[in-house]
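Here is the structure we will look at.
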Amino acid sequence: MLPALLLTFGLGAFAQDDDELLEATSEDEAIESLVPKNPYEKPIFHRLQLGFVGTSAKYTNNSLQKSPTAPRKETYFLPGVSLGWMCDLRLMKTQPFYIEVGTTFAYQTGNSKEDSIYSYHVGMPKGEYTIRNYRVHAFSLTIPINLTWQFRNIKGIEGFTLAPFAGVYGRFNLVANRKETATTTLYDDNGNALPTTVTTISKSLRTDNNNGRNGWMEGRNHIGKLFQVGAQVGLNAFYKHYSFGVAYMCDITPFASASSPAGTTKVPKSVGGYTVTSGTGSDMYISTRHNFAITVGYIF
């Protein structure tokens, strides 16, 4: 009985040691799988990136009253450059699921050319021919918050990873100016061109109207927003210490907007009621809805 009892205890101890060994081995493998082989596999990593950015901006004035200082429509493509820093933080211990936040500074500029205007004024030369050009300069700070998943070793290439992402962002429009250049040629009664005059007006789109010197329209207080929000989707590719990315961003809030019913204004009467004046209202909208970016970066 004694040899049998000792044998039983020995087999139990051996089985226990074997289980502990297997458990230790699985833990070692799990720990080894978490050891980053590339910088973007770390629990937290950073990247500095340069980019080319583009924005499709459109100004539309649907009021009944039109004038050269309040054109019906201006469309811009605003290309520019960006410099940003991003930080990725792993959300799950054993899965490549990350949240990324950062900051990006961007400078953009673009121009819009208005159709030529030919007009005749009584008491003046036979007519005038005017071409107006507008150029916008913008400087902004964007703060994105994205969720991203890493698909590692794509097609068996060691160190090559694709990371699609989606999220939201906030943009601070720190500077938004528009420069208007008007080139006017007068013609005499015989159709001969008189000397051409060029006038230039610079306006801030981010400050209140000051006697017609700021804003998109003279005499109207249309202030561009300091802060906009939007949503974005994109794809990053990581290879060793380098990143490459593309993104599409859609603004949810417009840069500026103002409207009045049917393009009219209502002025209260002293005896009650209103006097409605048509052609004096404004239905104005400035959209910067469509944006995209192409970036290259270094991961550390």
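Here are the numbers:
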read-out	value
Condition check for PHE52: modelled with pLDDT of 95 or more, closer than 30 Å to TYR134 by Cβ, of a type outside the set (Lys, Arg) and surrounded by 10 or more Cβ atoms within 10 Å (Cβ to Cβ)	yes
Qualifying residue in region 75-94 (condition: aromatic (Phe, Trp, Tyr), surrounded by 17 or more Cβ atoms within 10 Å (Cβ to Cβ) and either modelled with pLDDT of 85 or more or farther than 25 Å from VAL168 by Cα (or both))	yes
Restricting region 138-176 to residues that are of a type outside the set (A, V, I, L, M), under 15 Å from the mean Cα position of the chain (by Cα) and over 14 Å from GLY234 (Cα atoms), the residue that is surrounded by the most Cβ atoms within 10 Å (Cβ to Cβ)	ARG171
Residues that are crowded, with 16+ Cβ neighbours inside 10 Å and closer than 22 Å to HIS290 by Cβ, drawn from region 232-247	GLN232, GLY234, ASN236, GLY245, ALA247
Sole residue being hydrophobic (A, V, I, L, M, F, W, C) and over 30 Å from PRO39 (Cβ atoms), chosen from LEU141, LEU147, LEU162, LEU174	LEU174
Scan of region 35-45 for residues that are assigned to a strand (DSSP E or B) and buried (at least 17 other Cβ atoms within 10 Å of the Cβ), ordered by number	PHE45
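The values are calculated or read from the model by the stated rules, or taken from the named source; none is laboratory data. These numbers come from a predicted model, not from an experiment. Virtual Cβ from ideal backbone geometry, glycine too; neighbours counted across all protein chains shown.
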